[in-house]
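Novice: Sharing a structure below in structure tokens format, with a few things to ask.
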């Protein structure tokens, strides 16, 4: 193998390894942030906020490496898709880390608020589901498993259901004056952060499918649009011909 191609594939391996490392950091902060929330741990909340700098730094270094490879190696086909997917995944993972920073900040805003067992249980379950989805998404990427990537969209339904139950539980707790309005709003936002992590995992799964097969869900919509425009153009031509014939 030519030295240039060997270096290229080493670069691809290093990009993949760094993305997996970034995903592992995100996977670690989800349960840690949940524990901070449920224990009112202000020191832990601050630690999570400060540790996000490491995620940002690693994300930036991955992006710079991807752009470097794109510029110098000019990859084609599946190699190009791997690098583009790496850029997409880096953004999805970095934003997932930001969401847990938001959970930590929400923890500070509701400091001293006592959560009833139902709310605590739902938060724990949402955290577990968000962690599971992120792990599955990263497994799909590391193993280039397009089938698993596609399946994450369906697996995410469990987290969506939990999120709905959680919002209902907030209303119930507020109605009985267990928590005030401001705390209710903050708790609702926190639930949304977990739900959004699930959405990012779904996006990662779809990008893995693109990396392996070259197909994205958007392609179906684009194909429908092309077919619709073609049909409209055909109907328009037929209409013009009919009008011309009637005018003779």
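Novice: Helix 42-73 against the longest principal axis of the chain: what's the angle in degrees, Cα atoms only, rounded to the nearest 10?
Specialist: 20 degrees
Novice: Using R₀ = 30 Å, calculate the FRET efficiency as 1/(1 + (r/R₀)^6) where r is the Cβ-Cβ separation of residue 124 and residue 42; round to 0.05.
Specialist: Calculated transfer efficiency: 0.90.
Novice: A further question follows. Between residue 7 and residue 20, what length in nm is gained on full extension when 0.36 nm per residue of separation is reduced by their alpha carbon distance?
Specialist: Separation in residues times 0.36 nm, less the Cα-Cα distance, equals 2.7 nm.
Novice: Label points 7 Å out from Cα along the Cβ direction at residue 157 and residue 229: separation in nm?
Specialist: Placing both labels 7 Å along Cα→Cβ, they lie 3.5 nm apart.
Novice: Rounded to the nearest 0.05, what FRET efficiency is calculated for residue 61 and residue 165 with R0 set to 51 Å and r the Cβ-Cβ distance?
Specialist: With R0 = 51 Å, the Cβ-Cβ based efficiency is 0.80.
Novice: Here is a further query. On a C-alpha basis, how far is the centre of segment 112-151 from the centre of segment 87-102 in Å? Whole number, if you could?
Specialist: 14 Å
Novice: Also, I was wondering about something else. To the nearest 10 degrees, how steeply does helix 217-247 sit against the main Cα axis of the chain, on a 0 to 90 scale?
Specialist: Around 40 degrees separate the two axes.
Novice: Here's a follow-up. Mind pulling the angle between the C-alpha long axis of helix 157-175 and the longest principal axis of the chain? Nearest 10 degrees, somewhere in 0 to 90.
Specialist: 40 degrees
Novice: Now, a different point. So between residue 79 and residue 114, what do we pick up on full extension, going 0.36 nm a residue minus the alpha carbon distance?
Specialist: 7.4 nm
Novice: Just to be sure I follow: if Rg is taken over the C-alpha atoms of the chain and Rh is the Kirkwood radius over the same atoms, what is Rg/Rh?
Specialist: Taking Rh as the inverse mean 1/r over Cα pairs, Rg/Rh reads 1.15.
Novice: For the ranges 87-98, 24-35, what's the packing order if you count other beta-carbon atoms within 10 Å of each residue, average per peptide, and put the highest first?
Specialist: Per-residue Cβ counts within 10 Å, averaged per peptide and sorted highest first, yield 87-98, 24-35.
Novice: While we're on this one: Which distance in nm do the two modelled labels at residue 175 and residue 143 give, with both placed 7 Å along the Cα-to-Cβ direction?
Specialist: Going from the residue 175 label point to the residue 143 one covers 4.4 nm.
Taken together, the values in this text are just the output of simple stated rules run on the coordinates, not laboratory data. This structure is a prediction, so every number in the text was calculated from the model and none was measured. FYI the Cβ positions are ideal-geometry reconstructions off the backbone, even for glycines, and counts take in every protein chain you see.
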